[in-house]
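Read the structure below first, then the notes.
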Amino acid sequence: IEDCRFDYPSYNKLVLGDCRRPEVSGFTCAPAPPVATSSREEAYASHDNVLRNCTFRRMDGPALEIHGRDNTIENCLFSEVDYTCLGTGSEGAINMIRSAGTVFRRNTVRTTGNSEGIRAGVRNRIEFNHVHQMSLIQHDGSQINLGVAAQEGSIVRNNWSHDSAKAALRFDSAY
């Protein structure tokens, strides 16, 4: 997916009395016949996708949720993310915790409400990003978070992180 603009790609349904987490844009597959793999989640995950030169603005809930392996998100803008924090509190504005080998490069992530900005998964590479004004609503957080399970094989380098009351980087969560 290249050169697209997503304004209000997901939003809450509070006005309808629904307080559940908003549905989120992302790389996932609709249920299909299972593939022979070791886990059901892997059978439905999406692999080898590229999202480039896109803009995601003004959404409630995470901006993007990525499952699967070897996906690339490059040169995108994510702005004004998660106004109500109806999710779990442990997810990120960019939620890659269920991805492996994802490259998140040359993106800007700014003005987010939930506690974590970018949540990495195993063997993720997070590099050359501009991240700022994050974790504005929830009490705890960081701009980039690699939980203990995601650290081995992951690379975080050359990111510009500023203007947040929370930590720039964290490596202490269990996930």
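For the reader, a short list of remarks on this structure follows.
- Sequence-separation-based contact order of the chain, relative, with Cα cut under 8 Å and 6+ spacing, percent: 16 percent
- Counting only DSSP beta bridges with both residues in the chain, the antiparallel share comes to about 5 percent.
- Per-residue ellipticity at 222 nm from helix content only, as computed over the chain with -39500 (n - 2.57) for each DSSP H run of at least four residues, stands at -1000 deg cm²/dmol.
- Sites R52 and L14, calculated FRET efficiency, Cβ-Cβ separation with R0 30 Å, nearest 0.05: 0.35
- Counted charge near Q143, where neighbours are those whose Cβ lies closer than 15 Å (Asp, Glu -1; Lys, Arg +1): -2
- Reported label for calculated semi-axes √(5λ) of the Cα gyration tensor in Å given [x] 45, 16, 12; [y] 36, 17, 12; [z] 22, 20, 16: [z]
- The stretch between E2 and T84, if pulled fully straight at 0.36 nm per residue, gains 26.7 nm over its current Cα-Cα span.
- For the range 70-77, backbone phi angles converted through the Karplus equation (6.51, -1.76, 1.60; θ = phi - 60°) give residue-by-residue couplings of 6, 8, 10, 10, 9, 6, 10, 10 Hz, Gly and Pro being listed as x.
A short reminder: the numbers here are calculations on the coordinates, not readings from a lab. Just so you know, these numbers come straight off a predicted model, no measurement behind them. Counting neighbours? That spans all protein chains shown, and the Cβs are built from the backbone with ideal geometry, glycine included.
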